[in-house]
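Contents: one structure, followed by commentary.
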Amino acid sequence: MQPSAYGEGGDGTRVWDFVRDSYQQILFASWQHLSLVVQCLVLATVLAVVLSALVYRSKTASALANGVSAMGLTIPSFALIGLLIAPFGFGVLPAVIVVTFFATLPILRNAVVGLNSIPASVVESARGIGMSRFRTLATVELPMAWPIILAGIRVSAQMVIGIAAVAAYTLGPGLGGFIFSGLSRLGGANAFESVVVGVVGVILLAIILDLLLVVLSRLTTSRGIRV
Amino acid sequence: MSETQTIQNSAENVSGASILLDQVTKQYPGQTKPAVGGLTMEIPAGSIVMFVGPSGCGKTTTLKMINRLIEPTDGAIVINGDNVTDMNGDKLRRQIGYVIQAGGLFPHMSVAANIGLVPKMLGWDKDRIAARVDELLELVSLDPTVYRNRYPKELSGGQQQRIGVARALAADPPILLMDEPFGAVDPITRQRLQNELLNIQAELQKTIVCVTHDFDEAVKLGDWIAIFNEGAQIEQYDSPERILANPSNEFVENFIGSGAGLKQLTLNRVHEVEQQKAVTAAPGESPEAVIARLQEAGQQNVVILDSRGRAIQWLSQRQLSRMQVISDAADPNLPLVNEQSTLNEALDAMLVASTSAALVAGRRDAFTGLITVNTVMDAISAGQAAAQGDGDAPVGLNTGSIPQISDDDAPVNAAATDRHAATNTEGDAAAAGSTVAATSENASRPRDDAREPHAENHDTVNGHTTTNGHRAPWDETRRDSSATDRGDVGEENLTETRDRP
Ligand SMILES: Nc1ncnc2c1ncn2[C@@H]1O[C@H](COP(=O)(O)OP(=O)(O)OP(=O)(O)O)[C@@H](O)[C@H]1O
Ligand SMILES: [Mg+2]
């Protein structure tokens, strides 16, 4: 009882010490992590929306997009990172590519579903009052599909916060650095603390990002289609 | 082109635009028969034309070809003399109001944003759009301060439908296309919306093309009814009166159903019969003063009007004598009808309220007078007698208009086609008589033509229009004229089957 309690307390204390000693690095890494994820999410959203706009009118293309998205998600992120090191080397670029790739998939799937779920009558009346195809897409279909797209973005965000940590393997930015450096010298000084800080940091970031997205969805979803 | 001139000409007199479908065909890919086959049809400016027919006969396809939501495979759409078949479809559609079932509103936009869409696309400034939105909300009887900022989901079905109509009218288009606009609302709301549409039309004089499944609705709303068969073959295109009195063939007879005699009653509208004057008062007046006025007028009941002139209560002298002051509460059970209501709707309202009269509301629901059960009964018997009688009562058919299709005869047409005046005033009796005879003879022709492989639908057409927009001269008239006046000027203006290869 006593020793183990002491031990845990000791570990806890040591983690706390670690945090206190290097909080600037931690904050910086967290900020970089969040920044990488957010930027990749924005990029992924744009990509997914453009792709979905290209495919949603065709049943075959929509099915294809869904298939690609489902299969893409089964690729282990670590393997993809490994593959990308050859052409792109180490650094931020492969990290960005991997994170964006995985972030795009759930958003793409939701965007296609969202655009296809808009009642034909609504599209017909948009066209009927003289909106061009593009205008219909931009002012009617996308805003109406937006809540579903945002749900995809939230799923993506949760997923790629973890993937971004893995992507730090290529020396990309973020909290993944703490995890990898800790794991690589496990048993050494502060190794365990480093891993804990990385993991907990990732979880906290995920929660913060999700809250931000909830706020974003409140702000950007029309009252008329809020549930 | 003479045809072009003709149409422009007719349009000078009304705010609506004439529409000509010239040998229009729609062949969907992978189907053996065309959904619309060689349809030629003129829709006179300023009138309401109703499309009816069995499901799948091509009504919607025909309607959507007018604003080119569906592109015709062949043929031309001519609006106000301009061939619009090749113009930019989006631009065309901004000039044509379009209303579909349940309004087709955009759920993520407020009522004001929905209504303001077309003006916004046309580049109006914000203030002008806002003013127009309020004006239109008033027009469809919704209070702008209450409804402007609502979202579609916060509206009832009938209100959504009204907003749909308001949105379609936003940029004041000359043409309004409606596809089963009132199909999704309950019967009472439907009646209200129909009346409202007629009131709006009385005010605006648009050209309205409306698809419906409900023949009664077609009779009530239509200046003209086109009855289609498979492939958008026109079986009959005529005024409601004459279709009811003279179905051109068995198909039309079956379509009308056995209740034709009763349907005749829906032809008579409240505004066509005499209304009784009523004593009116405002909330807040003293009951004694009102009773004094009633006694002076020798009447029993007073109608209380709100600030917009709408009837809110209907009180007897006895009720008044028990009051301190006249309240401004609205009685929900008033037997209210609209000027555009049919007489049997008025009768219905009286029966429901167990009263011997009903309160009539006109434009924007303002009270106009009383209609009594006796008036209704008289009008019904008179109407039935007229319907049973000779088919010459309805006018539209001034043979004269056909050769004169060119320029300055429009005013003449207008006079001639006034429903009540025409029989007596315009033209000589002989001409009128011959027209009628020719018409009934022609009535069976579309079907004959339909049997011929090549002579599809072409021959229905080219009516002209009148200031009143009602009872314009007529497609079959033109046939008459071509039969009688071969080689006449009018002939070249018209699309005739035999002119085609
Ligand atoms: N997009 C389409 N592709 C292929 N065929 C179509 C299409 N739209 C309509 N059709 C066919 O064309 C014919 C006419 O259809 P349309 O929608 O004009 O009928 P309608 O008279 O409006 O019927 P309803 O009263 O049921 O609305 C039908 O046989 C229909 O199956
Ligand atoms: Mg239809």
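The values are calculated or read from the model by the stated rules, or taken from the named source; none is laboratory data. Everything quoted here is computed from the prediction, not taken from an experiment. Cβ atoms come from the backbone with ideal geometry, glycine included; neighbour counts cover every protein chain shown. The accessibility values were calculated without ligands, DNA or RNA, using every heavy atom of the protein model including side chains. Shrake-Rupley method; radii C 1.70, N 1.55, O 1.52, S 1.80 Å.
So which residue, out of A:189, A:111, A:206, gets the largest mean-square fluctuation from a GNM of chain A using Cα contacts under 10 Å as springs?
Looking only at A:189, A:111, A:206, the largest GNM fluctuation is found for A:189.
As an exercise, use a Förster radius of 51 Å and the Cβ-Cβ distance of residue B:127 and residue A:86 to find the FRET efficiency, rounded to the nearest 0.05.
For residue B:127 and residue A:86, the calculated efficiency is 0.25.
If you take the charge dipole of the range B:270-384 about its Cα centre, with +1 on Lys and Arg Cβ and -1 on Asp and Glu Cβ, which of B:301, B:291, B:279 is farthest toward its positive end?
My answer, from the dipole projection, is B:291.
Spin-label point model (7 Å from Cα, Cβ direction): what's the residue B:146 to residue B:299 distance in nm?
Between residue B:146 and residue B:299, the label points sit 2.7 nm apart.
Using a 1.4 Å probe and ignoring any ligands, DNA or RNA, find the accessible area of residue B:59 and quote it in Å² to the nearest 10.
Accessible area of residue B:59: about 10 Å².
Classify the range B:145-289 from the C-alpha gyration tensor, please: rounded if a/c falls under 1.5, else prolate or oblate depending on whether a/b exceeds b/c.
Since a/c reaches 1.5 but b/c is at least a/b, the shape of the range B:145-289 is classed as oblate.
Efficiency by 1/(1 + (r/R0)^6): what FRET value for residue B:292 and residue B:213, r their Cβ-Cβ distance, R0 = 35 Å, to the nearest 0.05?
It comes to 0.10.
Please give the residues from the range B:151-166 for which the solvent-accessible area of heavy atoms, probe 1.4 Å, is smaller by at least 40 Å² with all protein chains in place than with the chain isolated.
Buried-area filter returns B:151, B:153.
Rounded to whole Hz and in sequence order, give me ³J(HN,Hα) for the range B:358-370 from the Karplus expression 6.51 cos²θ - 1.76 cosθ + 1.60, θ = phi - 60°, writing x for Gly and Pro.
So the Karplus estimates, Gly and Pro as x, are 10, 8, 9, 10, x, 4, 6, 6, 6, 5, 10, x, 10 Hz.
Using 7 Å Cα-to-Cβ label points, what is the residue B:274/residue A:46 separation (nm, one decimal)?
7.7
Can you classify the range B:270-384 as rounded, prolate or oblate using the Cα gyration tensor, where a ≥ b ≥ c are the square roots of its eigenvalues, rounded means a/c under 1.5, and otherwise it's prolate if a/b beats b/c and oblate if not?
Prolate, since a/c reaches 1.5 and a/b exceeds b/c.
Quick one: buried accessible area between A and B, total over both chains, 1.4 angstrom probe, nearest 100 Å²?
That pair hides around 2000 Å² of surface in total.
Hey, what did the range B:270-384 get for relative contact order, percent, Cα under 8 Å, at least 6 apart?
It comes to 28 percent, rounded to a whole number.
Counting only residues 5 or more places away or on other chains, whose amide H sits under 5 Å from the amide H of residue B:47 once H atoms are built in the peptide plane?
B:208
Could you run the Karplus curve 6.51 cos²θ - 1.76 cosθ + 1.60 with θ = phi - 60° over the range B:275-280 and give me ³J(HN,Hα) per residue in whole Hz, x for Gly and Pro?
Running phi through 6.51 cos²θ - 1.76 cosθ + 1.60 with θ = phi - 60° gives 10, 8, 6, 10, 6, 10 Hz.
Can you give me the angle between helix A:2-21 and the longest principal axis of chain A, using Cα atoms only, in degrees from 0 to 90, rounded to the nearest 10?
Around 70 degrees separate the two axes.
For the range B:337-359 and the range B:131-161, what is the centre-to-centre distance using only Cα atoms, to the nearest Å?
A separation of 27 Å, based on Cα centres.
How high is the FRET efficiency from residue A:227 to residue A:66, r the C-beta distance, R0 25 Å, rounded to 0.05?
The pair residue A:227/residue A:66 has a calculated efficiency of 0.55.
List every residue whose amide H lies under 5 Å from the amide H of residue B:369, counting only residues 5 or more places away in sequence or on a different chain, with H placed 1.01 Å from N in the peptide plane.
B:360
Say we join alpha carbon atoms closer than 10 Å with springs in a Gaussian network model of chain A; which of A:128, A:82, A:114 then has the biggest fluctuation?
Result for chain A, Cα springs under 10 Å: A:128 fluctuates most.
Quick check on the range A:55-225: take the gyration tensor over C-alpha atoms, sort the square-rooted eigenvalues as a ≥ b ≥ c, and tell me if it's rounded (a/c under 1.5), prolate or oblate.
In terms of gyration-tensor shape, prolate.
With +1 on each Lys and Arg Cβ and -1 on each Asp and Glu Cβ, how big is the dipole of the range A:55-225 about its Cα centre, in debye rounded to the nearest 20?
500
Counting only residues 5 or more places away or on other chains, whose amide H sits under 5 Å from the amide H of residue B:178 once H atoms are built in the peptide plane?
Distant-sequence amide H within range of residue B:178: B:99, B:209, B:210, B:211.
Go through the range B:92-116 and flag every residue whose accessible area shrinks by 40 Å² or more with all protein chains in place compared to the isolated chain (probe 1.4 Å).
B:93, B:98, B:100, B:106, B:107, B:108
What residue among A:34, A:83, A:175 shows peak mean-square fluctuation when chain A is described by a Gaussian network model with Cα springs under 10 Å?
Looking only at A:34, A:83, A:175, the biggest GNM fluctuation is shown by A:83.
Evaluate the distance, in nm, between pseudo-label points positioned 7 Å from the Cα of residue B:319 and of residue A:13 along their respective Cα→Cβ axes.
With each label placed 7 Å out from Cα toward Cβ, I get 8.9 nm.
Return, ordered by residue number, the residues of the range B:139-162 whose backbone nitrogen is under 20 Å from a label point located 7 Å along Cα→Cβ of residue B:306.
B:139-150, B:155-162
How long is the gain from residue B:135 to residue B:374 if the chain were fully straight, where each residue apart is worth 0.36 nm and the alpha carbon distance is subtracted?
My answer for the length gained is 82.2 nm.
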